Amino acid sequence: MGGCTTLKECFDRSCRRFGEKTAITFIRNGRPETQIAYRDLWDDAARLAHTFMDRGVGRGDRVILFLPKSLFFVTAHLALQHLGAVAVPLNPGFKENEVAYLAGDAEPVLAVAGPAQAGILESAAPALGRLIIDTGRPYQEIEFFRKARTRAPAVEVLPGDPALIIYTSGTTGRPKGAVLTHRNLVHDAANVIHIWKIRDADVLCHALPLFHVHGLCFALHTLLMAGGSVVMLDAFKPEQVIACLARRQGFPVCTVFMAVPAMYTKLMEALGDRRFDFSHLRLLTSGSAPLPAKDFDAIFRVFGQEPVEREGMSETGMNFSNPLDGVRKPGSIGKPLPGVSVRLVDPNTFEDVPPGKEGEIWLKSPSIMPAYWRKPEETAKAFHEGWFRSGDLGRVDEQGYYYLTDRIKHIIISGGENISPKEVEQVINQMPEVVESCVVGIPDQRWGEKVAAAIVPVPGARLDPEAVQRHCRRYLHDWKCPRHVVFVEAVPRNTMGKVLKEKVKNLLLESLTAV
């Protein structure tokens, strides 16, 4: 990456080096709509930066990107890097109350929105300046910013300047804004490029959303900084992704695919018994949620190679990855990335646990955020003597591979005993009649909490709560077995595939009151 220290510098170098090469091919509704070269993309970003300046955006100012996945989203994000401003991407499906809170918290000077988001934005933040873009039209038809000056704004951007605020998923309480600096993001991208050997010859099938670190940082930043090309699908639609990965319908040959486990599940369901030649793919990665061992094996059978499972957080960037060359262990998040220091710590005593024991994962890395946005108390809780407390419980094996065992906040305490929901889920998921399960603790007058499970059964399977409990008692102590079981069509998840445990808990409590 040539020693660049800011996103602005890194993107500028890529665009000068790979000028006429295609940076992004944007796919709308399964068909290529726009191809844009590196030089044109960077020039358009410079033009849009002047438009932002004319609307009062300066260095350090926050700008909300409330846009559907589009090429314009990318241009707007790059334009803010020209200015040293801070991009605040939001899920385009957020409702009014969600946007109202986030706009109030980030205190942006401007919001860029698509047509479907304009009304929500106006109701949620009526005093906020807005730039509404018709992202439903082809990119080349959006002319207004092309009339601006093409010369890049002369703004000094420093490595420690904030570049991005990513709001955490908010599975418990209000979302917090993780402030990521240029130094954080450049180091993170350099790590990904290094460990996965991303090169300018690589072509990424991009089916992830852009408002999350997975799709924006690990995928888009990495490929653009390495000089690769991105085939960007407007949304995750299994048949379109299959067509892209299988080189059908005129899609370019892709070499890399990054996804969350739920995406792989839907792809394999859509494929059914069909098989295609995927031998041109050199790298399949999985992250943002645990990948069950049976799905690891299924991916290998369908795609002809093992996926590379990794782990990262909004606050930290990528921390662990299974090796590109070497053993990839199902269920393991792999080994620490270069520059990442790890401790396994007793969350009560703050002392390191012995090898082989479970502890909270503490991290140090140049990729870790300096703070949550304007939340000093939350920031203080997240760090201890310079170590970031991930909130994840984990262990490490003799070969140095790490495993996530649970989240501290999801531990069930029943009768004074700690119960790992993940352990119970693994037992339930062994049943051939079960697609997946989610185990949580719900209030109980006698025990404090009792174990409860929401289960997605295989379509047509005959399954009842008693059968689940009998199965669990075969493998677990009685106090670990679910006392309450409900069957659901799907486990609630956020857009990145993470299970929303609070929603599951509410669903289980509602089912109790309905009895």
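In the range 464-482, what count of residues is obtained for those that are modelled with pLDDT under 95, surrounded by 14 or more Cβ atoms within 10 Å (Cβ to Cβ) and part of a loop (DSSP other than H, G, I, E, B)?
So the count comes out to 2.
Matching residues to (1) touching a residue at least 24 places away in the same chain (Cβ under 8 Å); (2) buried (at least 16 other Cβ atoms within 10 Å of the Cβ); (3) closer than 16 Å to Gln305 by Cα:
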{"site": "Leu208", "(1), (2), (3)": "yes, yes, no"}
{"site": "Met232", "(1), (2), (3)": "yes, yes, no"}
{"site": "Ala235", "(1), (2), (3)": "yes, no, no"}
{"site": "Gln240", "(1), (2), (3)": "yes, yes, no"}
{"site": "Gln249", "(1), (2), (3)": "yes, no, no"}
{"site": "Cys254", "(1), (2), (3)": "yes, yes, yes"}
{"site": "Leu271", "(1), (2), (3)": "yes, yes, no"}
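Listed residues Ala113, Ala100, Ala87, Ala76; which is small (Gly, Ala, Ser) and more than 22 Å from the chain's Cα centre (by Cα)?
Working: Ala113 fails: more than 22 Å from the chain's Cα centre (by Cα); Ala87 fails: more than 22 Å from the chain's Cα centre (by Cα); Ala76 fails: more than 22 Å from the chain's Cα centre (by Cα).
So the residue among Ala113, Ala100, Ala87, Ala76 that is small (Gly, Ala, Ser) and more than 22 Å from the chain's Cα centre (by Cα) is Ala100.
Have a look at His206, His221, His212, His194 and point out the one that is closer than 25 Å to Met313 by Cα and modelled with pLDDT under 95. Don't jump to the end; show me each part of the working.
Details: His206 fails: modelled with pLDDT under 95; His221 fails: modelled with pLDDT under 95; His194 fails: modelled with pLDDT under 95.
Answer to the selection: His212.
Is it the case, given these coordinates, that Thr5 is among the β-branched types (Val, Ile, Thr), in a loop (DSSP other than H, G, I, E, B) and touching a Pro at 6+ places or on another chain (Cβ under 7 Å)? Lay out the reasoning, then the answer.
On the way: among the β-branched types (Val, Ile, Thr): yes; in a loop (DSSP other than H, G, I, E, B): yes; touching a Pro at 6+ places or on another chain (Cβ under 7 Å): yes.
For Thr5, the condition - among the β-branched types (Val, Ile, Thr), in a loop (DSSP other than H, G, I, E, B) and touching a Pro at 6+ places or on another chain (Cβ under 7 Å) - is met.
For Thr255, indicate whether it is farther than 30 Å from Thr379 by Cα, more than 20 Å from the chain's Cα centre (by Cα) and at pLDDT 95 or above. Full working, then the answer.
Numbers: farther than 30 Å from Thr379 by Cα: yes; more than 20 Å from the chain's Cα centre (by Cα): yes; at pLDDT 95 or above: yes.
When the stated conditions are applied, Thr255 passes them.
How many residues are closer than 20 Å to Leu233 by Cα and not charged (D, E, K, R) when one looks only at the range 5-56?
Residues in the range 5-56 being closer than 20 Å to Leu233 by Cα and not charged (D, E, K, R): 15 in total.
Which numbered condition in (1) touching a residue at least 40 places away in the same chain (Cβ under 8 Å); (2) of a type outside the set (Lys, Arg); (3) within 24 Å of Gly160 (Cα to Cα); (4) touching a helix residue (DSSP H, G or I) at 6+ places or on another chain (Cβ under 8 Å) is the only one that Gly60 fails?
(4)
Which pairs turn up if I take residues in the range 292-321 that are closer than 23 Å to Pro336 by Cβ and without any contact (Cβ under 8 Å) to a residue 40 or more places away in the chain and look for partners that are among the β-branched types (Val, Ile, Thr) and in a strand (DSSP E or B) with beta carbon separation below 9 Å, at least 6 apart in sequence or on another chain?
Glu309/Thr285; Arg310/Thr285
Of the residues that sit in the range 266-288 and are assigned to a loop (DSSP other than H, G, I, E, B) and of a type in the set (Asp, Glu), which one is farthest from Ile242 (Cα to Cα)? Let's see the steps before the verdict.
Taking the range 266-288 and keeping what is assigned to a loop (DSSP other than H, G, I, E, B), we get 272-282, 287-288.
Filter once more, keeping what is of a type in the set (Asp, Glu): 273, 277.
Details: Asp273: 13, Asp277: 11 Å.
For the range 266-288, the residue satisfying everything is Asp273.
Identify, please: which residue in the range 436-451 is within 10 Å of Pro421 (Cβ to Cβ) and small (Gly, Ala, Ser) and is, among those, surrounded by the fewest Cβ atoms within 10 Å (Cβ to Cβ)?
So the first thing to find is which residues in the range 436-451 are within 10 Å of Pro421 (Cβ to Cβ), and the list is 437-441, 451.
With small (Gly, Ala, Ser) added as a condition, the list becomes 437, 441.
Details: Ser437: 25, Gly441: 21.
Filtering first and then ranking leaves Gly441.
Listed residues Lys450, Lys503; which is part of a helix (DSSP H, G or I) and modelled with pLDDT of 90 or more?
Working: Lys450 fails: part of a helix (DSSP H, G or I).
Sole residue among the options that is part of a helix (DSSP H, G or I) and modelled with pLDDT of 90 or more: Lys503.
If I filter the range 417-426 for residues that are of a type in the set (Val, Ile, Thr), at pLDDT 90 or above, in contact with a Phe, Trp or Tyr (Cβ under 7 Å, 6 or more places away or on another chain) and not in a loop (DSSP other than H, G, I, E, B), do I get at least one hit?
Going residue by residue through the range 417-426, those that are of a type in the set (Val, Ile, Thr) are 419, 424.
Narrowing further to those that are at pLDDT 90 or above: 424.
Within this subset, residues satisfying the condition of being in contact with a Phe, Trp or Tyr (Cβ under 7 Å, 6 or more places away or on another chain) are none.
Scanning the range 417-426 turns up no residue that is of a type in the set (Val, Ile, Thr), at pLDDT 90 or above, in contact with a Phe, Trp or Tyr (Cβ under 7 Å, 6 or more places away or on another chain) and not in a loop (DSSP other than H, G, I, E, B).
The values are calculated or read from the model by the stated rules, or taken from the named source; none is laboratory data. Please read all numbers here as calculations on a predicted model, not as lab measurements. Heads up, the Cβs are rebuilt from the backbone with ideal geometry, glycines too, and the neighbour counts pull from every protein chain shown.
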